[in-house]
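Below is one structure, written out as structure tokens; comments come after it.
The values are calculated or read from the model by the stated rules, or taken from the named source; none is laboratory data. These numbers were taken from a predicted model, which means no experiment stands behind them. Cβ placement follows ideal geometry from the backbone for every residue including glycine, while neighbour counts extend to all protein chains displayed. In case anyone asks, the SASA skips ligands and DNA or RNA and just uses the protein heavy atoms, side chains included. Shrake-Rupley method; radii C 1.70, N 1.55, O 1.52, S 1.80 Å.
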Amino acid sequence: MTDDKDVLRDVWFGRIPTCFTLYQDEITEREAEPYYLLLPRVSYLTLVTDKVKKHFQKVMRQEDISEIWFEYEGTPLKWHYPIGLLFDLLASSSALPWNITVHFKSFPEKDLLHCPSKDAIEAHFMSCMKEADALKHKSQVINEMQKKDHKQLWMGLQNDRFDQFWAINRKLMEYPAEENGFRYIPFRIYQTTTERPFIQKLFRPVAADGQLHTLGDLLKEVCPSAVAPEDGEKKNQVMIHGIEPMLETPLQWLSEHLSYPDNFLHISIIPQPTD
């Protein structure tokens, strides 16, 4: 990896200015002021909103507080999706700050998983990392790591420590020189226009003839509706970390540089804004 460490840093330090407002039907003892926060794209809502929770609980009675959950324009926000993915998928064409509504009751059981503690986030995160390494290296790299390495990955994410995280994560981004890439690319493709949570299939970064597969190759194979015909109008944006990578970009490079900390490429297919 040449001068691309800057890309890793830019991805890690991506932030979304956000305004949290308490839902109007929540019972408060005095008016709840909105709370502003720069949300890290690579983290999870329930990991970085302790201050939000404390801020609103100050104006509420203890008996009116149950599990916190978040919603944007009527859509409950899945805490186990990275924040950047939620924004790209649901709010990328809206003005900043991102307006998120905070709830303390009527938890939407059908839409959200419960998040009883930080341990639940850690378990989800590590399970994703293990799945990604099963795809990339048949689990060899993550299984050879010690428990303290796994902990360092988690603590790096939790405490927003780029160097601490990447000291270990770089091992998960290596591959034998003779292979030109990972075994399979860990990716998930999300669309708001379908009920299916995401598309995930086995896809190799290198073709049988040795050519590097690109983002465009992946989309044509697993989600052809996302790609405009050559003479047709562009109907969708293909977004990772708030940018639209060129479809000619090699998938292996994207996997090494634009994966989220869980080692997956989280790709959003969103309708092209009409304005």
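Just a few scattered comments:
- Sole residue being among the hydroxyl-bearing types (Ser, Thr, Tyr) and under 30 Å from Gln237 (Cβ atoms), chosen from Ser139, Ser127, Ser117, Ser66: Ser127
- Members of the range 239-269 that are open to solvent by less than 10 Å² (accessible area, probe 1.4 Å), in a strand (DSSP E or B) and either aliphatic (A, V, I, L, M) or out of contact with any strand residue (DSSP E or B) (no Cβ under 8 Å at 6 or more places or on another chain) (or both): Ile240, Leu265, Ile267, Ile269
- Just one residue in the set Leu247, Leu212, Leu219 is under 30 Å from Gly156 (Cβ atoms), outside the structural domain of Leu157 (by the TED database) and of a type in the set (A, V, I, L, M); that residue is Leu212.
- Checked against the criterion of being assigned to a loop (DSSP other than H, G, I, E, B), without any contact (Cβ under 8 Å) to a residue 60 or more places away in the chain and more than 17 Å from Pro108 (Cβ to Cβ), the range 33-41 contains one or more residues that satisfy it.
- One residue alone among Asp133, Asp149 is open to solvent by less than 40 Å² (accessible area, probe 1.4 Å), without any contact (Cβ under 8 Å) to a residue 24 or more places away in the chain, part of a helix (DSSP H, G or I) and not assigned by the TED database to the domain that holds Thr194, and that residue is Asp149.
Per-residue answers, yes or no, for (1) open to solvent by 30 Å² or more (accessible area, probe 1.4 Å); (2) modelled with pLDDT of 90 or more; (3) over 25 Å from Tyr81 (Cβ atoms):
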site: Gln200; (1), (2), (3): yes, yes, no
site: Ala207; (1), (2), (3): no, yes, yes
site: Gly210; (1), (2), (3): yes, no, yes
site: Lys235; (1), (2), (3): yes, no, no
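- Some residue of the range 22-41 being outside the structural domain of Gly156 (by the TED database), in contact with a His (Cβ under 6 Å, 6 or more places away or on another chain) and open to solvent by 20 Å² or more (accessible area, probe 1.4 Å): yes
- Residue within the range 82-97 that is outside any loop (DSSP other than H, G, I, E, B), touching a residue at least 60 places away in the same chain (Cβ under 8 Å), surrounded by fewer than 17 Cβ atoms within 10 Å (Cβ to Cβ) and assigned by the TED database to the domain that holds Asp50 present: no
- Selection count, the range 210-238, where residues are in contact with a helix residue (DSSP H, G or I) (Cβ under 8 Å, 6 or more places away or on another chain) and not in a helix (DSSP H, G or I): 6
- Answer residue from the range 212-226, given it is within 14 Å of Tyr190 (Cα to Cα) and more than 21 Å from the chain's Cα centre (by Cα) and is modelled with the highest pLDDT among those: Pro224
- Failed item, numbered, when His55 is tested on (1) out of contact with any Phe, Trp or Tyr (no Cβ under 7 Å at 6 or more places or on another chain); (2) crowded, with 16+ Cβ neighbours inside 10 Å; (3) in a helix (DSSP H, G or I); (4) of a type outside the set (Asp, Glu): (1)
- Of all the criteria given as (1) in a loop (DSSP other than H, G, I, E, B); (2) under 30 Å from Leu112 (Cβ atoms); (3) touching a Phe, Trp or Tyr at 6+ places or on another chain (Cβ under 8 Å), the one not satisfied by Gly156 is (1).
- Answer from Leu247, Leu258 - the residue that is closer than 19 Å to Leu212 by Cα and at pLDDT 95 or above: Leu258
Conditions (1) of a type in the set (Ser, Thr, Tyr); (2) open to solvent by 40 Å² or more (accessible area, probe 1.4 Å); (3) in contact with a strand residue (DSSP E or B) (Cβ under 9 Å, 6 or more places away or on another chain); (4) in a loop (DSSP other than H, G, I, E, B), marked per residue:
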site: Glu63; (1), (2), (3), (4): no, yes, no, no
site: Lys78; (1), (2), (3), (4): no, yes, no, yes
site: Thr101; (1), (2), (3), (4): yes, no, yes, no
site: Pro108; (1), (2), (3), (4): no, no, yes, yes
site: Leu112; (1), (2), (3), (4): no, no, yes, yes
site: Pro116; (1), (2), (3), (4): no, yes, no, yes
site: Ile121; (1), (2), (3), (4): no, no, no, no
